[in-house]
Amino acid sequence: MIVCLLSSCGTKIDKEVQEVIKEDCTVERLKKYENESIYRIYHVTDSENNKIIQLIEQNGFVDKIKMMVVIDCKEDEIEQIKILEHNESHDYGDLLTEEWFLERFKGKTATIPLRVVKMSAKEENQIVAITGATITSEAVAKGANLCMNNYQKIKGE
């Protein structure tokens, strides 16, 4: 993947964000919408993409979970969630970084709050928890919901 480096315009972009943006894109930091939990927000556009990328820190079961939530503005849905840092337990909580868990968020509508369920998802907005790590799963869903709420504010302006 080609990475967009904006050293010439003076914008410093987090390395995690650089991994998901392309060359020839425009990146704008939206400081106005940042807060204690959502500590960095970027609006990324090019000829094909229109994304809001948010870096958030959320309380997990053991400690803070840092993650990146990418929302596709054209589709109004979550494109990707990536766990950047965590200290959850190695037996169950560590599974939050597994692709099979993170894929559960992909394509979820950015206008409907997510809910964690334990067995099987019966509704579009439900995320099945990691067995033995419900609090960790809920922390990821809560972080995604905070980012989706923030996205709605951004979209509204």
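The values are calculated or read from the model by the stated rules, or taken from the named source; none is laboratory data. Nothing here was measured: the structure is a model prediction, and the numbers come from that model. Every residue, glycine as well, gets a Cβ built from its backbone with ideal geometry; the counts of neighbours run over all protein chains shown. Side chains included, ligands, DNA and RNA excluded: accessible areas come from the protein's heavy atoms. Shrake-Rupley method; radii C 1.70, N 1.55, O 1.52, S 1.80 Å.
Brief remarks follow.
- Ordering 18-24, 97-103 by mean Cβ neighbour count within 10 Å, with the highest value first, yields 18-24, 97-103.
- On Cα atoms only, tilt of 134-156 relative to the major axis of the chain in degrees: 30
- Extension reserve of the residue 31-residue 72 stretch, reckoned as 0.36 nm per residue once the Cα distance is removed: 12.8 nm
- Here the extension length gained between residue 155 and residue 16 equals 47.7 nm, from 0.36 nm per residue of separation less the Cα-Cα distance.
- Peptide packing for 32-40, 62-70 was compared via the average number of neighbouring C-beta atoms within 10 Å per residue; ordered from the highest value, the list is 62-70, 32-40.
- Size of electric dipole in the chain: Cβ of Lys, Arg +1 and of Asp, Glu -1, about Cα centre, debye, nearest 20: 460
- Heavy atoms of the protein chains alone define the surface here; on that basis the chain has 55 Å² accessible area per residue at 1.4 Å probe size.
- Of the peptides 114-122, 74-82, 132-140, the ranking by mean beta-carbon count within 10 Å, highest at the top, reads 132-140, 74-82, 114-122.
- Taking the 1.4 Å solvent-accessible surface of the chain as the whole, the part contributed by carbon and sulfur is 47%.
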